[in-house]
Amino acid sequence: MDEFDLIIIGAGPAGYVAAIRATQLGFKKVAVLEKDKPGGVCLNVGCIPSKALIHQAEIFRSGAELKEMGVRVDLNGFDFAKVYQKSRKAADTLSKGVQYLLKKNNVTYLTGEFKITGANEVTSMDGKKLRGKNILIATGSRPRSLPGFSFDEDAVLSSTGALNLQKLPKKILILGSGAIGMEFAHVWNAFGVEVHVVEMLDRILPVEDQEAVEVLRKSFEKRGVKFSTGTKATEMKKVKDGLEITLETNLVGGGNTQKTIEKTDKVLVAIGRVPNTENIGLDSVGIKTERGFIPVKDYYQTSVPSIYAVGDVVNSPLLAHVASKEAEIAVEFIAGKKPKHKKIDPNQIPGCTYCEPQIASFGYPEWKAKEEKITYAKAVFPYRGAGKSVAIDKSDGLVKILFHPQTKEILGAHVVGAEATELIHELLLAKSAELLLEDVATMIHAHPTLSEAVMESMRVGEGWAIHI
């Protein structure tokens with residue numbers, strides 16, 4: 001029986017990061033077990049290929065700006081399959097990069113399906129047993145399905161099927177307006193697809209601050225994207241020329257609903273993800289799940305002391321950067337170190353949606369602060385007040401800060417606009433370092449930059465903004 005200091009099940013952003021961090025901390029024998037490609041969902045059929053598509057969409061959209069310069073743009077010969085190929089190249093390159101990093105760090109990489117068969121034992125489908133002083137579960141998640149809309153990756157797409165499209169439909173219906181749904185809405189609209197986004201709740205991007213979301217929604221609607229909120233899809237029929245979807249919309253007052261029939265070529269179901277915790281042997285060691293998630297204590301330790309769980313299999317935001325940080329905390333604890341945090345502070349997790357305009361945030365949105373009766377004040381600075389946003393013709397956006405009115409502690413930050421997913425980190429650093437509004441407001445920011453909007457938002461909170 002092969003023996004290891006640490007056995008990691010899964011090679012995604014949690015698994016491979018855990019393996020590399022473990023070797024840095026002195027673990028001599030580390031094994032990573034993976035049934036698919038290194039890098040997991042994020043790298044192979046998630047974050048990376050989707051961002052490659054978004055980049056290509058932005059290049060395609062820039063044709064309109066070229067026309068304004070008098071340049072003729074001939075779209076004859078455009079082939080979406082080539083866009084797909086570029087996204088696959090990015091994913092494949094980085095997957096090979098993960099393989100290289102594991103090899104460089106002397107990590108044993110084994111392919112196949114494995115189950116936990118003891119507190120310190122994992123067994124492959126062909127009966128090979130591995131023993132580990134500790135086991136880390138990092139098996140990730142998969143797209144959540146919707147009754148009546150089973151994935152066939154032809155008419156009804158998951159995010160995986162959407163990433164693998166090589167021919168664009170004329171029209172598509174997106175069920176769900178979270179980050180995944182909005183990013184695909186951006187990409188397909190950019191390439192000329194008629195897009196209709198349907199959301200059961202009364203607002204799109206429901207977890208985000210709605211003042212920021214409204215900027216994004218107006219921009220999308222200006223581009224021709226249609227939204228139906230307070231609406232759910234209840235039935236699907238395949239017809240000769242596509243699909244007929246029955247939509248039920250909650251009417252204001254009286255609780256009545258209105259039924260409509262929507263014709264479309266394809267449907268993307270983007271209503272969240274489900275943890276991969278079935279059939280990995282949890283029952284054999286007495287670990288019970290809660291709504292599919294593995295309960296964990298401090299440092300992501302399960303009810304079995306030698307077994308840890310991180311990433312999408314635990315009940316925290318299903319984000320790659322969350323998975324990686326949880327893995328680092330768990331491994332550092334296993335190594336006998338004292339991590340700075342026992343668990344990630346949910347108020348310091350950045351959330352990003354990479355459409356155009358981008359939207360990024362952390363901490364309290366205004367609706368949640370009100371819901372929890374948190375005392376707060378807010379400061380909002382429009383992008384158009386930062387000269388660079390006008391210079392580059394991307395003045396739609398804002399920076400919004402929620403802060404305690406007496407202590408000036410930052411409670412949350414929300415950015416919508418160009419490069420929002422980069423700008424959010426200055427604000428998060430300020431929060432993490434326990435800086436106050438004055439500290440950022442008085443720091444010199446280069447001119448012209450979009451980050452001046454961050455500085456000015458803090459000055460709004462202090463009562464002395466210059467460019468508004």
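The values are calculated or read from the model by the stated rules, or taken from the named source; none is laboratory data. Computed from a predicted model, the values in this text were never measured in an experiment. Note: ideal-geometry Cβ built from the backbone for every residue, glycine included; neighbour counts use all protein chains shown.
Results, tabulated for the structure shown:
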| quantity | calculated |
| --- | --- |
| Residue within the stretch 322-345 that is buried (at least 21 other Cβ atoms within 10 Å of the Cβ) and either at positive phi or part of a loop (DSSP other than H, G, I, E, B) (or both) present | no |
| Pair list, Cβ under 8 Å, 6 or more apart: the stretch 91-112 residue assigned to a helix (DSSP H, G or I), other residue polar (S, T, N, Q) and surrounded by 17 or more Cβ atoms within 10 Å (Cβ to Cβ) | Ala91/Asn44; Ser95/Asn44 |
| Tally, over the stretch 237-257, of residues that are assigned to a loop (DSSP other than H, G, I, E, B) and either among the small types (Gly, Ala, Ser) or not assigned by TED's automatic domain parsing to the domain that holds Val197 (or both) | 3 |
| Any chance Pro49 is in a loop (DSSP other than H, G, I, E, B), in contact (Cβ under 8 Å) with a residue 40 or more places away in the chain and under 27 Å from Ala179 (Cβ atoms) | no |
| Index of the failed condition, Lys67 passing every other in (1) out of contact with any Asp or Glu (no Cβ under 7 Å at 6 or more places or on another chain); (2) outside any loop (DSSP other than H, G, I, E, B); (3) crowded, with 23+ Cβ neighbours inside 10 Å | (3) |
| Test result for Pro38, under 29 Å from the mean Cα position of the chain (by Cα), surrounded by 21 or more Cβ atoms within 10 Å (Cβ to Cβ) and at pLDDT 95 or above | no |
| Flag for Ile180 being within 22 Å of Pro143 (Cα to Cα) and of a type in the set (Val, Ile, Thr) | yes |
| Residues satisfying the stated conditions in the stretch 264-316, i.e. closer than 25 Å to Met200 by Cα and small (Gly, Ala, Ser) | Ala270, Gly272, Gly292, Ser316 |
| Residues being among the polar types (S, T, N, Q) and either touching a helix residue (DSSP H, G or I) at 6+ places or on another chain (Cβ under 6 Å) or at pLDDT below 95 (or both) - total across the stretch 433-450 | 1 |
| Thr117 being under 26 Å from Ala323 (Cα atoms), in a loop (DSSP other than H, G, I, E, B) and of a type in the set (Val, Ile, Thr) | no |
| Residue in the stretch 263-308 that is surrounded by the most Cβ atoms within 10 Å (Cβ to Cβ), counting only those that are in a strand (DSSP E or B) and in contact with a helix residue (DSSP H, G or I) (Cβ under 6 Å, 6 or more places away or on another chain) | Tyr308 |
| Looking only at the stretch 138-151, and only at residues there that are in contact with a Leu (Cβ under 8 Å, 6 or more places away or on another chain) and either at pLDDT below 95 or part of a strand (DSSP E or B) (or both), the one that is farthest from Tyr308 (Cα to Cα) | Phe149 |
| Test for Thr260: is it part of a strand (DSSP E or B), in contact with a Leu (Cβ under 7 Å, 6 or more places away or on another chain) and in the same structural domain as Leu168 (by TED's automatic domain parsing) | yes |
| Val187, sole failed condition from (1) surrounded by fewer than 20 Cβ atoms within 10 Å (Cβ to Cβ); (2) assigned by TED's automatic domain parsing to the domain that holds Lys237 | (1) |
| Some residue of the stretch 195-216 being over 19 Å from the mean Cα position of the chain (by Cα), charged (D, E, K, R) and over 18 Å from Trp367 (Cα atoms) | no |
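Residue by residue, here is whether (1) loosely packed, with under 15 Cβ neighbours inside 10 Å; (2) within 27 Å of Lys218 (Cβ to Cβ); (3) under 28 Å from the mean Cα position of the chain (by Cα); (4) not aromatic (Phe, Trp, Tyr) holds:
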residue	(1), (2), (3), (4)
Ala379	no, yes, yes, yes
Val390	yes, yes, no, yes
Gly397	no, yes, yes, yes
Lys408	no, no, no, yes
Glu419	no, yes, yes, yes
Lys431	no, no, yes, yes
Thr442	yes, no, no, yes
Ala453	no, yes, yes, yes
